[in-house]
1. Extending each Cα 7 Å along its Cβ direction at residue B:82 and residue A:1, get the distance between those two points in nm, one decimal.
2. Run the paramagnetic zone check for residue B:56: 7 angstrom along Cα to Cβ, then residues of region B:73-94 with backbone nitrogen under 15 Å.
3. Just the ratio, please: alpha-carbon radius of gyration of chain A over 2.2 N^0.38 Å, N its number of residues.
4. Pick from A:87, A:72, A:95: which residue has the top mean-square fluctuation in a GNM of chain A where Cα pairs under 10 Å get a spring?
5. For the residues B:3, A:86, B:28, what sequence is obtained by ranking on other C-beta atoms within 10 Å, fewest first?
6. If all Cα-Cα distances of the protein assembly as shown are sorted into 10 Å bins from 0 onward, what percent lands in each bin, rounded to whole numbers?
7. Could you grab the relative contact order for region A:1-42? Cα pairs under 8 Å, six or more apart, rounded to a whole percent.
8. Counting only C-alpha contacts under 8 Å and six or more residues apart, can you give the relative contact order of region A:6-112 as a whole percent?
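Quick note: the coordinates plus some simple rules give every number you see, no bench work behind them. The model shown is predicted, which means the values in this text are computed figures rather than measured ones. FYI the Cβ positions are ideal-geometry reconstructions off the backbone, even for glycines, and counts take in every protein chain you see.
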């Protein structure tokens with residue numbers, strides 16, 4: 001069983017479209033995150049949720065809206081996609097107290 | 001605010017040689033420190049971590065790192081490189097804030113192994 005699973009793995013879409021990425025973890029962790037990795041491999045946090053509550057929102061455009069229906073799921077919806085949104089998006093979960101994150105395998109989003 | 005600096009965006013070593021990837025951090029509170037590895041088209045995998053206690057930590061695949069508070073460093077080493085070690089390596093720091101352990105990553109070091 002995959003610990004943190006993201007779908008889809010690849011997403012190619014046109015500018016202006018709306019798309020969603022789903023993430024699920026079966027580790028029982030309370031905290032989940034979305035990170036964006038750009039073409040230079042730089043990783044930047046976007047959001048974190050702790051037990052369905054938004055904890056971190058790192059000045060992400062409000063076209064990005066995370067939703068956590070329960071502590072095992074954290075989805076990311078993106079409205080009006082732009083070319084600059086092309087990146088790899090990683091979901092991660094964390095048990096806290098320095099345990100370190102468990103990452104999903106990523107969703108490569110390409111906006112054309 | 002915490003930050004991480006990884007010296008050298010690309011490091012090449014010969015197979016069997018010592019691997020040394022450098023990481024310096026800045027944190028206003030005692031940090032948690034991590035090294036992650038990313039193979040092509042994959043997610044990040046935790047190699048090792050320092051939280052408290054012994055400053056020399058051992059991880060998977062023969063890697064280890066030493067926390068040096070006086071030098072604010074957490075360099076990653078492996079005595080003998082293997083071809084399978086070729087990957088991108090990321091150092092990360094978080095502060096000890098339970099329920100909000102945001103990781104700040106360095107810019108990564110691409111490790112190439114020369115046969």
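1. 2.9 nm
2. B:75-80
3. Working it through for chain A, the quotient is 1.00.
4. Top of the fluctuation ranking is A:95.
5. Arranged by neighbour count, lowest to highest, B:3, A:86, B:28 become B:28, B:3, A:86.
6. It works out to 8, 33, 35, 20, 5, 0, in whole percents.
7. With pairs under 8 Å counted, the relative contact order is 43 percent.
8. Once normalised by length, the contact order is 37 percent.
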